[in-house]
1. Identify the trypsin sites (Lys or Arg not before Pro) of the stretch 44-82 meeting these criteria: DSSP loop state and at most 12 other C-beta atoms within 10 Å of the C-beta.
2. Considering only protein heavy atoms and a 1.4 Å probe, what is the carbon-and-sulfur percentage of the accessible area of the stretch 102-275?
3. Mind checking the alpha-carbon convex hull of the stretch 175-271 and giving the volume per residue in Å³?
4. For Arg322, Arg275, Arg242, give me the order by solvent-accessible area with a 1.4 Å probe, most accessible first, ignoring ligands, DNA and RNA.
5. Cross-link list Lys8/Lys140; Lys11/Lys188; Lys320/Lys365: which exceed 23 angstrom alpha carbon to alpha carbon?
6. With θ set to phi - 60°, apply the Karplus curve 6.51 cos²θ - 1.76 cosθ + 1.60 along the stretch 217-234 and write out the HN-Hα couplings as whole Hz, x wherever there is a Gly or Pro.
7. Once you compute Rg and the Kirkwood Rh from C-alpha atoms, what is the Rg to Rh ratio for the stretch 102-275?
8. Pop a pseudo-label 7 angstrom from the Cα along the beta-carbon direction at both Asp134 and Glu328 and give the gap in nm to one decimal.
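The values are calculated or read from the model by the stated rules, or taken from the named source; none is laboratory data. What you see is a predicted model; the values in this text were computed from it and never measured. Here the Cβ positions follow ideal geometry from the backbone for every residue, glycine too, while neighbour counts run over all protein chains shown. Side chains are part of the model used for accessible areas, which takes the heavy atoms of the whole protein and leaves out ligands, DNA and RNA. Shrake-Rupley method; radii C 1.70, N 1.55, O 1.52, S 1.80 Å.
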Amino acid sequence: PTVTSACKILKCNSEFWAATSGSHGPGTEEAPEFCTALRAYAHCTRRTARTCRGDLAYHSAVHGIEDLMVQHNCSKDGPTSQPRLRTLPPGDSQERSDSPEICHYEKSFHKHSAAPNYTHCGLFGDPHLRTFTDTFQTCKVQGAWPLIDNNYLNVQVTNTPVLPGSTATATSKLTIIFKSFQECVEQKVYQAEMDELPAAFADGSKNGGDKHGANSLKITEKVSGQHIEIQAKYIGTTIVVRQVGRYLTFAVRMPEEVVNAVEDRDSQGLYLCLRGCPLNQQIDFQAVRSAQATEGRARRKGPSLPAPPEAFTYETATAKCREKLPVEDLYFQSCVFDLLTTGDVNFMLAAYYAFEDVKMLHSNKDKLHLYERTRELAPGSGAPSGASSALWVLLLCLSQCWLCLL
């Protein structure tokens, strides 16, 4: 089985932030509660010390705890139980009323023009990629690959084999770097791994830092440990990260202007959400699916190809996917593909949630479903029958002309 990262510093950071959020430096009456949270934070880092020796975030947290202990006269001995979560004051849940206009994309860049054109990119499953241009690909892309790389942010994913020796891979790690932007936000890093979906940035914060427009970048936890959403209003961008089963999914809504904000345009070839996977990393989706269906029929003819009890046949995979994805588009087909290659029903849920994110994030509701272009050319479909009719009319006209000439 795939080994997950044992360093749990992200979990320690997010727990401390959750326990102390809403406090801008504890007053006298808050000091005992703050010190309790610090001791719990220190205890958490000690538990994961052995596996975090080479982790910069871990060492930064340890030094930060020591400094805070001294600043607030906290004793290292005392209770370490987590205090109850603070609720943010109503004003903190919204952007400051005096926040710079430049920190709100639609207000600043498009005040006197039409609304921006938004695009969508998503990555899920084994893995399947929907690019900003609505191209759908199934890729190998094992290891670390850049999804987005522009003037405002970088997104990198790491894909690992689902099972030892398997060609099926899935996203096990995600890193998002929001670059410092004018008076809006400081540089912020978000990291998620298998079984670690923090509701805070790597430094424990939930917004863009100390700058005046910091709340134009915010993390919201939708479902604990399963679903977070990052709003970057200063660039008009929404990012959704989910953990489904053991693996991660990614979806983003971004203005075209931000998508194409790359100084070195030649480097866009490495930017998967824009250019797609390299040809040598793409999988022929239709050919593999046809082979899967053929193998399924062969398996029914006799005992020569026995299936393990936990495996899906083509028919059972199709039936399972239809429970959540009734439209037989590429999300449905990717679900069938993943169930057959992994045997893990969580991949069905990954396809389902990926489509739910498309419904929420895609600006063109007519392009939610994607279908294979080759389907339009299949016997009996609309395109060939129309072409046949046109050909028949042309031949009829030619025959009439020939008769006239005679």
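1. Values: sites: Arg46, Arg47, Arg50, Arg53, Lys76; in loops: Arg53, Lys76.
Within the stretch 44-82, the qualifying trypsin sites (Lys or Arg not before Pro) (loop, at most 12 other Cβ atoms within 10 Å) are Arg53, Lys76.
2. Details: 3030 of 6590 Å².
Solvent-exposed carbon and sulfur of the stretch 102-275 make up 46 percent of the total.
3. On the way: hull volume 9.9 nm³, N = 97.
Each residue corresponds to 102 Å³ of Cα convex hull volume.
4. Details: Arg322 105, Arg275 140, Arg242 30 Å².
Sorted by accessible area, descending: Arg275, Arg322, Arg242.
5. On the way: Lys8/Lys140 28 Å; Lys11/Lys188 17 Å; Lys320/Lys365 26 Å.
Too far apart for the 23 Å limit: Lys8/Lys140; Lys320/Lys365.
6. Karplus values, whole Hz, x for Gly and Pro: 10, 9, 10, 10, 8, 8, 9, 4, x, 10, 7, 10, 10, 10, 9, 10, 5, 5.
7. Values: Rg = 16.0 Å, Rh = 16.5 Å.
Radius of gyration relative to Kirkwood radius: 0.97.
8. 2.2 nm
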